[in-house]
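Enquirer: The structure's right below; bear with me while I get my questions together.
The values are calculated or read from the model by the stated rules, or taken from the named source; none is laboratory data. Remember, predicted model here, so these are calculated numbers, not experimental data. Positions of Cβ are backbone-derived with ideal geometry, glycine not excepted, and every protein chain shown enters the neighbour counts.
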Amino acid sequence: MADLLYPLAPDEDLPELGTYNAVGTMLLHNSRADEGGGFFATCWFMVILPVVPLGRYYVRVTGYGNESGLFFTSTSTSYQIVGRSRIRWTEVVRTYLAAWIVLPAAFVGPIITAVVGWGDESATNAGLYGMLVSLGLLALLLTVFFCYRQFWRAVREVRWADTPMGTRDGRSWQEVASMLQMAVLMGLLGFFAGVVILFTALAMGELPTRLDPEPNPYADTLLSPVTLLAGLPVATGMATLAVLAGRRRR
């Protein structure tokens, strides 16, 4: 199988790969390496799991790195981006199915079967057997994924195009990804700030309740757990996105 590969333009805006607290951009492989060590990979905007495909590239691994500290250890992979290809939506759909449905269901299955049989003597054995079957299916699924990645996944040949792809290649998605990454991080910061405010108000006895003799609608709204744990992160993230979008238009 051959994929049309477009050379990089002189002003090519290549993605900045990397994640922080499971938020960022990452390359997910689409094919096995060919004889020259190159393969196709899709760049994804990640929030723990792949969310938005940003572009598809032909890349080569140039090295691996390890960094360790007192409380952490991290590994990194360096890539050389050789050319750009069009996104294959069959690969996108396959990634969504594997990351959002198949793998979560496989990991959650043993937990559900264990919880169902917990505390019920008549269901304990059935729950135990179900958990063992779920663990076996999970091991089988991981084995299938490993074999597919190492042996069964196709090696795609490269067919070079004469000119760069042009402006309709999704390059602007990379700027959107950086804005989304900052908005998500600020939303998480807003969530933690809401948790701090909620527990501080609870400790000081300022958390509004229905038994207050003189309820204050503004305090009830601002100190509501829904506002602090959901509204504040959303508002923080949307405000960050609006500011970054305004700066981008300038």
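Enquirer: Does GLY83 satisfy the condition of being part of a loop (DSSP other than H, G, I, E, B) and either without any contact (Cβ under 8 Å) to a residue 60 or more places away in the chain or farther than 30 Å from LEU135 by Cα (or both)?
Expert: Considered against the rule, which asks whether it is part of a loop (DSSP other than H, G, I, E, B) and either without any contact (Cβ under 8 Å) to a residue 60 or more places away in the chain or farther than 30 Å from LEU135 by Cα (or both), GLY83 comes out as no.
Enquirer: Of the numbered conditions (1) out of contact with any helix residue (DSSP H, G or I) (no Cβ under 8 Å at 6 or more places or on another chain); (2) modelled with pLDDT of 65 or more; (3) not small (Gly, Ala, Ser), VAL47 fails exactly one; give the number of that condition.
Expert: (1)
Enquirer: A further question follows. Would you tally the residues in the range 116-152 being in contact with a Gly (Cβ under 9 Å, 6 or more places away or on another chain), of a type in the set (S, T, N, Q) and at pLDDT 65 or above?
Expert: Summing the residues that are in contact with a Gly (Cβ under 9 Å, 6 or more places away or on another chain), of a type in the set (S, T, N, Q) and at pLDDT 65 or above in the range 116-152 gives 1.
Enquirer: Now for a different question. Output the residues belonging to the range 1-32 that are surrounded by fewer than 14 Cβ atoms within 10 Å (Cβ to Cβ) and over 24 Å from the mean Cα position of the chain (by Cα).
Expert: MET1, ALA2, LEU4, PRO10, ASP11
Enquirer: Across the range 1-35, which residue is farthest from ARG149 (Cα to Cα) among those that are charged (D, E, K, R) and out of contact with any helix residue (DSSP H, G or I) (no Cβ under 7 Å at 6 or more places or on another chain)?
Expert: Taking the candidates together, the pick is ASP11.
Enquirer: Of the residues ARG32, ARG60, which is part of a strand (DSSP E or B) and basic (Lys, Arg)?
Expert: None of the other options fit; the residue is ARG60.
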